[in-house]
Amino acid sequence: MDDLPSLTDEQIVLLIQGGDKEKYGLLMTRYDKKLSRYGRKFLSEKENIEDIVQDVFISAFQNINNFDTSLKFSSWIYRIAHNAFVNGLKRQQRSAVLGLDLDTFVSHMTYEDPAVEERDHEIMKKMIDQGLEKLTPKCREVIILHYLEGLSYKEISDILQIPTGTVAVRVLRGKDALRKIYKKMNMDYEQ
Amino acid sequence: MNNKQPIPQDKIQNILEKIRKNELTLTPKTYFRLRFAAFILVVVAVLVVSVFLSSFILFTIRASGQASLIGFGPAGWQVFLFLFPWGLSTLEIGLIILLQYLLRSFKFGYKVPVLYLLGGVIFVMSVSGFVIDKTPLHDMLLRQADQKHLPPPFGNLYENARRLPPPGHGIFLGTITSIEGDTLVIALLNPMDTSTTTAVTVMVPSGQIIVQEKVGDRIFIQGKMIDGKIQAQDIKNANDLPPPPSIPGGM
């Protein structure tokens, strides 16, 4: 389906906005698996996830004229998907995931070292799948976006609409929480 | 939502099919532009109302002479807290929270911590309120309200801006009509009806210098009303207050 790999998402959006609506298939192919995988971290029912992804694609298409092509399309569609999955989770759990968030009240320093990040990513990926459900929803979503979806703090900040420093703090808290969870299970974080 | 799980490729094909049949259409750019313009209008409206309200709160504090009441000590503080426009201040806090919430829809809004944004909004409101209060705007509108030229709700808002110390708290506001030694006669404003006054004698405490006070000056008096006379403990000049509507020059 993706026969125009050289085109960026944003260039494809420009074509769609210009009237070449058929190109939307390319974007859907690019994001279908990613969004489904992302949804699995929120919801357990595969059927429900696929329905939501479909709704996300429909909503993104209808609102694509509202997308500013100077920004990243991935952040935009993840934002739509995030809201849809959080709503799905709320319906499923009947509990609020979002609310007053003290982390967003103050400023936090951020630092991303590529070498440390790469090694960190590998270790975390292995651990995350096993301990994810025990994390708080706020920590869980940033850990998923950063370690499983490979998004930067800045992109996560745009998706969740929270300061970059808050993303960094939640990643740190999520990692600490996972360490504790694995310590309890007698598993080594470095393994 | 569907009950049947769509196969990924089917899902994409289904959506493409709907697009081809025009069952799924792009929302026009004009709609988003108009929606954004409406949103900006709401933000600006909230901002303007909020700035106006913050300056009006400062004006009511000035118009009631609340700042000078603090100088009377605990009794003055009591009256200050009584006269403080709590209702308007609560409304202002609500508007600030709403504005902060609206600003978080913008990229610059969610990129900064909530406390910084809230602090920034409060700072802008306070400074702009202070600056507007220094202009003749509110005094002019007050005169309009006194002449019943201001439509509601502004008319009512300004008519209630000048609040007198409540009875029973030992603080009075009046205009000096005569001075004889350590005795003053003042036209005491009636707290229930500011268009009427009562002539009251004020016994100035020994040692209180009243040479700077003259007939026509407006003063706050702290003291006790005994047999229709006020035994003053302290007197403060209140000439900075906007004149009451009944007093010539106040119109």
| said: Among the numbered criteria (1) in contact with a Pro (Cβ under 7 Å, 6 or more places away or on another chain); (2) surrounded by fewer than 15 Cβ atoms within 10 Å (Cβ to Cβ); (3) in the same structural domain as B:LEU53 (by TED's automatic domain parsing), which one does B:PRO166 miss? | reply: (3)
| note | If you go through B:SER54, B:SER89, B:SER126, the only one that is surrounded by 18 or more Cβ atoms within 10 Å (Cβ to Cβ) and farther than 30 Å from A:LYS23 by Cα is B:SER54
| note | Taking first residues from the range A:54-65 that are assigned by TED's automatic domain parsing to the domain that holds A:TRP76 and second residues anywhere that are of a type in the set (Gly, Ala, Ser), the pairs with Cβ under 8 Å that are 6 or more apart or on different chains are A:ASP55/A:ALA84; A:VAL56/A:ALA81; A:VAL56/A:ALA84; A:SER59/A:ALA84
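Here is a yes/no grid of residues against (1) more than 7 Å from chain B (Cβ to nearest Cβ); (2) charged (D, E, K, R):
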residue	(1), (2)
A:ILE16	yes, no
A:LYS21	no, yes
A:MET28	no, no
A:GLU45	yes, yes
A:ILE49	yes, no
A:GLN54	no, no
A:SER59	yes, no
A:ASN66	no, no
A:LYS72	yes, yes
| Residue within the range B:140-158 that is surrounded by fewer than 19 Cβ atoms within 10 Å (Cβ to Cβ), charged (D, E, K, R) and on the phi > 0 side of the Ramachandran plot present | yes
| request: Please report, ordered by residue number, the helices (runs of 4 or more DSSP H) entirely within the range B:28-116 with at least 2 residues that are more than 26 Å from B:MET140 (Cα to Cα). | output: B:29-63, B:74-83, B:86-103, B:107-111
| query | Among the numbered criteria (1) surrounded by fewer than 16 Cβ atoms within 10 Å (Cβ to Cβ); (2) closer than 23 Å to B:ALA67 by Cβ; (3) at pLDDT 85 or above, which single criterion is violated by B:ILE171? | reply | (1)
| field | Flag for B:LEU95 being surrounded by 18 or more Cβ atoms within 10 Å (Cβ to Cβ), out of contact with any Asp or Glu (no Cβ under 7 Å at 6 or more places or on another chain) and within 14 Å of chain A (Cβ to nearest Cβ) | value | no
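The values are calculated or read from the model by the stated rules, or taken from the named source; none is laboratory data. All of these numbers come straight from a predicted model, not from anything done at the bench. Positions of Cβ are generated from backbone atoms using ideal geometry, with glycine treated the same way; all protein chains shown enter the neighbour counts.
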